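The values are calculated or read from the model by the stated rules, or taken from the named source; none is laboratory data. The structure presented is a predicted model; accordingly, all values stated were derived computationally and were not measured. Cβ atoms come from the backbone with ideal geometry, glycine included; neighbour counts cover every protein chain shown.
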Amino acid sequence: MIYKKRVRNLVSTRVISAVAIVLIIIAGVVGYYSGSMAAPTTEVTTTVTSTITREVTKEVTVTTTLAPGAPYTVTETKTVTVTQTETPPPTKPLLEGYELRVGIVLPLSGALAAFGQSGYRGALLATDEINEAGGILGAKIKLVVEDFAGDPKVAVSATEKVITVNKVHVLRGYFSSSAAMAAMPTAEKYKTPVLSIGSSAKELCEQGWKYWFKTPPNSTMFATVAAEFLSKQLEPMLKLGRPLKVVVLHENTLMGVSDKNEFLKVVEEKGLNWEIAAVEAYTSGALDFKPVLEKLKALNPDVVAASGYLTDTVLIAKQSKEIGFNPIWVSIGGAGMQTPALIELAGENVAYWFVANEYWWDRNYPSAEAGLRVAQAFMARYGYPPDFQGWCGYAGMYILKELIEKVAEENPDKVKELFAKDDVEAIREMIREGLATMKFYLDWTGELYFEANGQLAYSLTGPTMGCTIIQIQPAKPGDLWSAQGLTFRTVYSPVYKVADPILPPK
């Protein structure tokens, strides 16, 4: 308690300078304190500890005893003001005792499990961090998890379940663009916002959905960075003296077709003088890719521009080596190549591949320290750094936290009322409106926001959303993570790169 007590003696001094003065201050609330002053006009402050600030008037008795041998003493009673500062009892967090329910609908088993698990783990890590730090204004996040095993039909039923049975306030999914396309009409029907984890197809932002908010770059963004890397970085390194010969290989899914279409469109729009020698599709989930690979090998391309998920890509890489087909591989989409699992499963078969990407921990973010901290936390729990899906899962939880805190700052009583009543529909609409209108800040990306069509964008990099090219390169001592002697390094664009690209050995 801090009490500041000031006493100013305004009595005229008629005594000699050798007079000794003893000041005794009696304050009923404070207790008994004493001090001394060299002259009656000296101001005295006594300090103790407290918490609310207020002024209180007290009577103070001042007794002045003159020097030894003096015939008399003088006693006066004065009124002084005492300033008191006290700390009130700690206030309860605004939303303490309530919860934010977040549905997680991802492929946690099956061929796409590596990506679904990574997205879920990122969301779980962020959820635990937020809850352990006190929640969102005291409210704890509860994850409601459903596995659709890569089947879009199951994604639809899982979406309906978490919305209608579990009454989630917001939903996160789906990684698979096909699953998102199938399930989003259900979310729209029930007016439930979806803050995606993955799902990169451009077409997902062309449906006019009000409740769709997509965190990864779209296929145009990935195709653009891939084409720029090939034309500005790789082609000059090759020194061919002729047009670059490119073949396009993609799976026949919504994502694969979207990646292929956007890549060819970007090549045309940029006027790139390349020979597109072939465009080949394959059936996702096949086991034997050698017929299509032999066909491409016969064309002797410089580059294969590829789009596909993990399982297919691992087999394609292995079978390419088996038939002696060794072009430069560049992924043109945000699918199955931007994950540590690719290196773990394919090893030297994918050495020196280039991968279009949005997130890898080593790139030069606005805060490199923050990016490293997230990667280290993820690694400490799961044994590998987050890939892009892990980043989507993680970052989205902090976006939701910031959203609710901002709304509560403007209207705390209303937000508390919504959570106290668990007004599910109103909370869903509050989140939708916030995602559609607010700007957010993550220290490893900078300011970000959602465009009118639901596509995430960064203020720092604009519509390209900071897409990069990472390369699978030989590991070095001190690397945060590696497998089979290989790791990813960011090699493009110039703003984000941490290493130079390396041409594959002949």
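Summary of computed values
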item: Number of the exception - I276 against (1) within 29 Å of V498 (Cα to Cα); (2) outside any helix (DSSP H, G or I); result: (1)
item: Residues located in region 343-362, provided they are in contact (Cβ under 8 Å) with a residue 40 or more places away in the chain and within 23 Å of M255 (Cβ to Cβ); result: I343, E344, V350, W353, F354, V355, A356, N357, E358, W360
item: Test set (1) assigned by TED's automatic domain parsing to the domain that holds E344; (2) of a type outside the set (S, T, Y); (3) at positive phi - G454 fails condition number; result: (1)
item: Tally, over region 248-291, of residues that are of a type in the set (D, E) and without any contact (Cβ under 8 Å) to a residue 40 or more places away in the chain; result: 5
item: Filtered residue count, region 198-212, keeping only those that are buried (at least 24 other Cβ atoms within 10 Å of the Cβ), within 22 Å of M397 (Cβ to Cβ) and either touching a Ser or Thr at 6+ places or on another chain (Cβ under 7 Å) or among the acidic types (D, E) (or both); result: 3
item: Considering residues of region 348-395 that are part of a helix (DSSP H, G or I) and of a type in the set (D, E) only, the residue modelled with the highest pLDDT; result: E348
item: Some residue of region 464-479 being among the small types (G, A, S) and outside any loop (DSSP other than H, G, I, E, B); result: no
item: Enumeration of residues in region 100-156 that are more than 21 Å from the chain's Cα centre (by Cα), assigned to a helix (DSSP H, G or I) and of a type in the set (D, E, K, R); result: K153
item: Some residue of region 348-356 being among the polar types (S, T, N, Q), surrounded by fewer than 23 Cβ atoms within 10 Å (Cβ to Cβ), closer than 26 Å to K142 by Cβ and not assigned by TED's automatic domain parsing to the domain that holds L204; result: no
item: All positions within region 214-237 that are closer than 18 Å to Q389 by Cα and surrounded by fewer than 24 Cβ atoms within 10 Å (Cβ to Cβ); result: none
item: Filter result for the condition that a residue is within 19 Å of I197 (Cα to Cα), modelled with pLDDT of 95 or more and within 25 Å of the chain's Cα centre (by Cα), over F488, F419, F440; result: F440
item: From the options R101, R121, residue that is modelled with pLDDT of 95 or more, in contact with a helix residue (DSSP H, G or I) (Cβ under 7 Å, 6 or more places away or on another chain) and over 16 Å from S199 (Cα atoms); result: R121
item: Verdict on S178 being surrounded by fewer than 22 Cβ atoms within 10 Å (Cβ to Cβ), polar (S, T, N, Q) and under 28 Å from G103 (Cα atoms); result: yes
